[in-house]
Amino acid sequence: MTFSEENYLKSIYTLQKDSPKGVSTNVLSQYLVTKPASATEMIKKLNDKDLVVYQPYQGVLLNKNGEEIALRVIRKHRLWETFLAQKLDFSWDEIHDVAEQLEHIQSEKLIRELDRFLGFPKQDPHGDPIPDADGNIVKIEKKRVSQLEPGDVGTCIGVNDTSSSFLQFLDQQKIKLGTVLEILSLQEFDKSMLVRIDDRELSLSQIATEHIYVRI
């Protein structure tokens with residue numbers, strides 16, 4: 001498997017959760033910031049390798065073989081993110097790009113030992129579940145902050161935007177895993193929320209509340 005092929009499989013795995021009938025070429029190319037023609041060419045290669053099910057004009061889905069590879073790549077990515085954050089003090093906004101490079105290391109022994117060294121973590125620093133060696137994932141019950149109502153209290157358990165700009169924003173607002181947010185009010189006009197964190201009040205835009213996951 002080339003790095004590019006692994007990246008495509010990982011991306012399809014992520015996108016097919018919201019597109020169970022098939023991930024379109026346009027959606028995939030936008031997600032990977034590439035041309036639709038390049039995405040179509042790669043999909044055909046993966047189809048020839050029996051890793052995806054592809055139907056023109058309907059989309060692409062992983063088959064069992066493709067899903068196994070995607071989960072291995074995701075497992076490595078999230079273990080490396082955990083290592084970088086816990087052991088090397090990398091910040092939230094730094095770990096993703098470095099893990100993108102490390103996730104393609106092929107040594108299964110290294111990954112097994114990394115998992116053991118970290119104490120077999122179940123979640124990465126962004127709150128995403130880490131697949132075990134057999135590809136099993138423990139489902140995490142969570143809600144977006146935007147789904148909460150005034151009076152609700154939630155504990156931050158993850159995000160669904162790992163861009164540097166968003167993670168830097170969270171650092172500036174002192175929001176991290178384990179932060180408790182109490183919803184004080186909701187503005188009907190723009191859906192922004194006033195929340196309490198410890199002894200301070202903070203206004204969060206709808207964009208921010210859509211990207212923060214909490215456990216009630």
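The values are calculated or read from the model by the stated rules, or taken from the named source; none is laboratory data. As the structure is a computational prediction, the values presented were derived from the model and not from experiment. Neighbour counts run over all protein chains shown; Cβ positions are idealised from the backbone, glycine included. Surface areas here come from the heavy atoms of the whole protein model, side chains and all, with no ligands, DNA or RNA. Shrake-Rupley method; radii C 1.70, N 1.55, O 1.52, S 1.80 Å.
Computed with a 1.4 Å probe over protein heavy atoms only, the accessible area of residue 211 comes to about 50 Å².
A Cβ-based charge dipole, computed about the Cα centre of segment 163-210 with Lys and Arg at +1 and Asp and Glu at -1, lands at about 140 debye.
Please say if segment 1-69 is rounded, prolate or oblate, where rounded means a/c under 1.5 for a ≥ b ≥ c the square roots of the C-alpha gyration tensor eigenvalues, and otherwise the choice is prolate for a/b larger than b/c and oblate otherwise? Walk me through the numbers on the way to the answer.
On the way: a/c = 1.28, a/b = 1.09, b/c = 1.17.
Rounded, because the longest to shortest axis ratio a/c is under 1.5.
The alpha-carbon positions of segment 67-148 define a convex hull whose volume is 111 Å³ per residue. Ranking 214, 145, 102 by how far each Cα lies toward the positive end of the dipole of the chain (charges on Cβ) leaves 102 at the top.
Working from Cα positions, state the angle (0 to 90°, nearest 10) between the long axis of helix 3-15 and the longest principal axis of the chain. Its long axis makes an angle of about 50 degrees.
Enter the angle in degrees (range 0 to 90, nearest 10) between the Cα long axis of helix 108-117 and the first principal axis of the Cα atoms of the chain, meaning the one along which they spread out most. Once rounded, one gets 20 degrees.
Nearest 10 degrees is fine. How inclined is helix 36-48 to the longest principal axis of the chain, computing both from alpha carbons? So the inclination is approximately 60 degrees. A simple rule links phi to the HN-Hα coupling: the Karplus curve 6.51 cos²θ - 1.76 cosθ + 1.60 with θ = phi - 60°, which for segment 195-212 gives 10, 10, 10, 6, 10, 10, 10, 9, 9, 10, 5, 4, 4, 5, 5, 6, 9, 10 Hz, with x for Gly and Pro.
Computed extension length for residue 3-residue 63: 19.7 nm, one decimal, from 0.36 nm per residue of separation with the Cα-Cα distance subtracted. Which shape class, rounded, prolate or oblate, goes with the chain when its Cα gyration tensor gives a ≥ b ≥ c as root eigenvalues, a/c under 1.5 marks rounded, and past that a/b bigger than b/c marks prolate? Oblate. Per-residue ellipticity at 222 nm, computed for the chain from helices alone with -39500 (n - 2.57) per DSSP H run of at least four residues, works out to -13000 deg cm²/dmol. Solvent-accessible area of residue 49, all protein chains in place: 100 Å² (probe radius 1.4 Å, heavy atoms, ligands and nucleic acids excluded). Placing +1 on each Lys and Arg Cβ and -1 on each Asp and Glu Cβ, with no other charges, gives segment 1-53 a dipole about its Cα centre of roughly 120 debye. When the listed pairs 35/143; 35/176; 21/174; 64/109; 49/122 are checked against a 28 Å cut-off, the alpha-carbon distance exceeds it for 35/143; 35/176; 21/174; 49/122.
Note on the chain: with charges restricted to the Cβ of Lys and Arg (+1) and Asp and Glu (-1), its dipole about the Cα centre is near 520 debye. With Cα atoms defining each centre, segment 25-81 and segment 131-202 are spaced 29 Å apart in the structure.
Hey, with R₀ at 22 Å, roughly what FRET efficiency would residue 149 and residue 199 work out to, going by the Cβ-Cβ distance, to 0.05?
Working: r = 22 Å, r/R0 = 1.01.
The pair residue 149/residue 199 has a calculated efficiency of 0.50.
Think of the chain as having a plus end and a minus end, set by charges on the Cβ of Lys, Arg, Asp and Glu; of 3, 158, 168, 3 sits farthest toward the positive end of this dipole.
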